[in-house]
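There's a structure below that I have some questions on.
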Amino acid sequence: MDFLLIFLGFIILILGVLIGVAYLTLLERKVLGYIQIRKGPNKVGFMGILQPFSDAIKLFTKEQTYPLFSNYLSYYFSPVISFILSLMIWVMIPYYFNLVNFNLGILFFLCCTSLGVYTLMVSGWSSNSNYALLGGLRAVAQTISYEVSLALILMSSIIMVMDFNLVIFMYYQNLIWFFFLMIPLGLCWFSSSLAETNRTPFDFAEGESELVSGFNIEYSSGGFALIFLAEYSSILFMSLLFVLLYMGGYSLSIFFYLKLSLISFLFIWVRGTLPRYRYDKLMYLAWKIYLPISLNFLMFYLGLKILLF
């Protein structure tokens with residue numbers, strides 16, 4: 001019975017994530033529309049509220065094309081695996097009921113995000129197209145570079161609480177949010193998660209002006225929709241993680257979901273306002289700026305912890 005309930009909880013969680021992703025895409029199109037002084041989707045349903053569902057139906061009922069020289073199986077399954085991985089990470093949300101309470105949640109997150117690189121690499125390589133391969137290589141190099149700084153920034157927060165469980169972060173942030181204790185790290189985390197999820201201004205994997213859409217160029221209909229869903233669910237998850245680590249931890253209140261929506265909105269706002277970065281500058285940022293900053297802060301918080309205890 002317990003297993004049944006846990007399974008049911010997972011199903012409800014995944015449905016919630018998918019609906020959240022659907023409306024995140026709608027929010028993005030609306031906000032970008034208003035930034036560019038136009039309306040955005042407003043025809044399907046009341047003020048375009050049913051637009052994501054009609055898009056999903058359109059994408060999943062289109063004909064699936066595949067290139068003649070592609071490695072069919074790996075080409076076909078890499079979007080599916082990337083989607084499954086991005087949904088798997090959601091297991092570690094520190095719910096109070098029904099679901100698994102992870103004692104090693106942060107390690108699980110690092111494992112899943114580093115596995116996500118392989119799906120990018122395989123989907124770029126297996127379609128056997130030059131543009132896709134270039135886009136895939138860029139995406140992999142970028143994701144690996146930023147995972148290093150993400151892990152190091154995470155370690156500073158872990159040293160503060162001395163636990164991998166995400167529930168614990170709530171107890172430590174009752175009086176003051178970690179964001180105010182580590183503002184530079186919080187900002188580094190935000191921009192690293194932008195780079196990690198391949199978002200503007202770091203979307204080199206899909207740099208339309210140079211690479212004609214990058215690693216997903218050969219994907220149409222269902223495959224493209226799955227890559228798209230994986231990207232947006234990881235955006236939602238990164239926003240959630242930011243709120244958990246730096247903005248007061250998990251609580252079952254409307255305020256928590258407002259914070260989550262605000263960080264997701266920041267992702268969209270950045271996309272609407274910033275131009276694309278140059279690729280070598282992105283690498284310079286990862287290895288020459290974020291890495292030293294996060295290492296220095298790590299030493300600082302280690303010293304602080306030793307002094308206090």
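Please tell me if Leu166 is modelled with pLDDT under 90, crowded, with 22+ Cβ neighbours inside 10 Å, over 23 Å from Leu274 (Cα atoms) and out of contact with any Ser or Thr (no Cβ under 9 Å at 6 or more places or on another chain).
yes
Continuing with the same structure: Just to be sure, is Ala151 assigned to a helix (DSSP H, G or I), buried (at least 23 other Cβ atoms within 10 Å of the Cβ), touching a helix residue (DSSP H, G or I) at 6+ places or on another chain (Cβ under 7 Å) and in contact (Cβ under 8 Å) with a residue 24 or more places away in the chain? Working first, answer last.
Details: assigned to a helix (DSSP H, G or I): yes; buried (at least 23 other Cβ atoms within 10 Å of the Cβ): no; touching a helix residue (DSSP H, G or I) at 6+ places or on another chain (Cβ under 7 Å): yes; in contact (Cβ under 8 Å) with a residue 24 or more places away in the chain: yes.
The answer is no for Ala151.
Related question: Filter region 195-217 for residues that are in contact with a helix residue (DSSP H, G or I) (Cβ under 9 Å, 6 or more places away or on another chain) and more than 17 Å from Val140 (Cβ to Cβ); which is modelled with the highest pLDDT?
Out of the qualifying residues, it is Pro201.
If you don't mind, there's one more thing I want to ask. Which condition number does Leu68 fail, the rest of (1) loosely packed, with under 15 Cβ neighbours inside 10 Å; (2) within 21 Å of Leu262 (Cα to Cα) being met?
(2)
Please count how many residues of region 173-189 are in a helix (DSSP H, G or I) and either crowded, with 18+ Cβ neighbours inside 10 Å or free of Cβ contacts under 8 Å to residues at least 40 places away in the same chain (or both).
10
Go through region 103-139 and count every residue that is touching a Phe, Trp or Tyr at 6+ places or on another chain (Cβ under 9 Å), surrounded by fewer than 20 Cβ atoms within 10 Å (Cβ to Cβ), assigned to a helix (DSSP H, G or I) and of a type in the set (A, V, I, L, M).
Residues meeting the conditions: 4.
Pairs under 7 Å by beta carbon, first residue without any contact (Cβ under 8 Å) to a residue 40 or more places away in the chain and more than 13 Å from Phe237 (Cα to Cα) in region 250-270, partner surrounded by fewer than 15 Cβ atoms within 10 Å (Cβ to Cβ) and not basic (Lys, Arg), six or more apart or different chains?
Sorted first by the residue in region 250-270, then by its partner, the list stays empty.
The values are calculated or read from the model by the stated rules, or taken from the named source; none is laboratory data. Remember, it's a predicted structure, so these values are computed and weren't measured experimentally. Note that we place each Cβ from the backbone using ideal geometry, even for glycine, and neighbour counts take in every protein chain shown.
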